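Asks: Quick one: the structure is below, questions incoming.
Here, each number is a calculation from the coordinates, and none is a lab measurement. All of these numbers come straight from a predicted model, not from anything done at the bench. Every residue, glycine as well, gets a Cβ built from its backbone with ideal geometry; the counts of neighbours run over all protein chains shown.
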Amino acid sequence: MKPSATALRMEIEANLAHRIPAALSPRPVVEQESILCGISEIDVLAAFPRGSLVEVCGPPSSGRTTILHGILAQGTQAGEACALIEGSDAFDPVRAQQNHIQLCNLLWVRPDPRIETTCSRGRRLGVLDKALMAANFLLQEGGFGILALDLAGNDLKEVGQIPLATWFCLRRAVEGTRTLLLVLAEQANTGNNAARVLKVNCASLNVQGPSQQEPSCAHRHGESLFDAISSEVDTIRGQARKSVQSAQRTAGFTTHFSAFA
């Protein structure tokens, strides 16, 4: 009579117990606290758990930056060391301060495309390569509450060609830590390595009063045509952890441009 699968598993685990305890038993997933972003409609979804990779994707003017600034504001105001790595030099420190980000607690990393760097194989490293290497280095060093990797301004095709093995290594580097690895892009790229994927889209544009009379006018006496952008967010659990259909939830928020005047 052949031994059952359970008996074989127990025998293998007993033989490996001195090296790998419970080698074949699934480890319980302990989900850490979720970092707030200051948007109540999203915060109730617990979309940013520590020790995980979370991806925020969407087209330009969809609300990605609002979410990024909200998370960095919460972290830096709490006194946590945070880092922002970007490949397109799009971060605006003035607007960041207006959104209550404490710049003294933020490490801003901008790979310089003018500096030529090669890897051990002699291949010239581009901006994306440098950004990914910087993210991996900072995760290995530790000590950051939030590490944001903003690739939204980079070439869509190049970002899409980042190997899944690279995202897997970054996911493994952040697991078991108190760090949130936040990746921003125009489309989802991290696959099953993301614990959450937030898909952001522009739902509507709110036009200022004076411009409603002259819709062809881009500006009126220094006032912007658009007063606010309303965004919709689909929050999805990573496919490796749970089916997309059973975990998808929707939220909405509004970005008011008058706050930056």
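Asks: For the range 1-160, what is the percent of antiparallel DSSP beta bridges, rounded to the nearest 5? Walk me through the intermediate numbers first.
Replies: Details: 2 of 11 bridges.
If I count the DSSP bridges inside the range 1-160, around 20 percent turn out antiparallel.
Asks: Arrange the following residues from fewest to most other Cβ atoms within 10 Å of their Cβ: 100, 18, 69. Mind showing how you got there, number by number?
Replies: On the way: 100 14, 18 7, 69 22.
By the 10 Å Cβ count, ascending: 18, 100, 69.
Asks: Working out 0.36 nm times the residue gap between residue 187 and residue 141, then minus their Cα-Cα distance, what length gain in nm do you get to one decimal?
Replies: Details: separation 46, 0.36 × 46 = 16.56 nm, distance 2.84 nm.
Full-extension gain reported as 13.7 nm.
Asks: Can you work out D for the range 95-196 in µm² s⁻¹ from Stokes-Einstein, where Rh is the Kirkwood radius over C-alpha pairs, the temperature is 37 °C and the viscosity is 0.692 mPa s?
Replies: Stokes-Einstein gives a translational diffusion coefficient of 220 µm²/s.
Asks: Ok, one more. Using the alpha-carbon centroid of each, what span in Å lies between the range 112-172 and the range 74-90?
Replies: Result: 16 Å between the Cα centres.
Asks: About the Cα centre, and with charges only on the beta carbon of Lys, Arg (+1) and Asp, Glu (-1), how big is the dipole of the range 93-146? Nearest 20 debye, please.
Replies: 200 debye
Asks: Counting other beta carbons within 10 Å of each Cβ, put 199, 157 in order, fewest first.
Replies: Result, fewest neighbours first: 157, 199.
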